[in-house]
Amino acid sequence: MAGVKLQDDMSYLVPGYDAGTEMNNELATHVPALGGTDGTDSGEGFVHVHRGINGGGDLTVLGYDWRNPMLHVEIERVH
């Protein structure tokens, strides 16, 4: 979202990002938000738009998947 010029009455869709710090094996033991990973995972090493959950590990598509965008930002001028 870097470089977006903010304007009054603007709407912007924001994708979910992958920090690139852990393996994308879709195992709960490698997801920091689920209490996994001890900091030794080797991920991509760069931030990129996340591709979502595809069902390759123990994280189910039904329970953990999403489709981008992840956030809808609306900017409204208050008078």
(request) Determine which single condition Gly3 fails, assuming it passes every other condition in (1) modelled with pLDDT of 80 or more; (2) under 30 Å from Val78 (Cβ atoms). (result) (1)
(request) Given the conditions (1) part of a helix (DSSP H, G or I); (2) of a type in the set (A, V, I, L, M); (3) modelled with pLDDT under 85, report the number of the one that Leu62 does not fulfil. (result) (3)
(message) Looking at the stretch 32-54 only, could you name the residues that are over 12 Å from the mean Cα position of the chain (by Cα) and surrounded by 11 or more Cβ atoms within 10 Å (Cβ to Cβ)?
(response) Pro32, Leu34, Gly36, Thr37, Asp41, Gly43, Glu44, Asn54
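The values are calculated or read from the model by the stated rules, or taken from the named source; none is laboratory data. Bear in mind the structure is a predicted one, so any value in this text is a computation, not a measurement. Here Cβ is always computed from backbone atoms with ideal geometry, including for glycine, and neighbour counts include all displayed protein chains.
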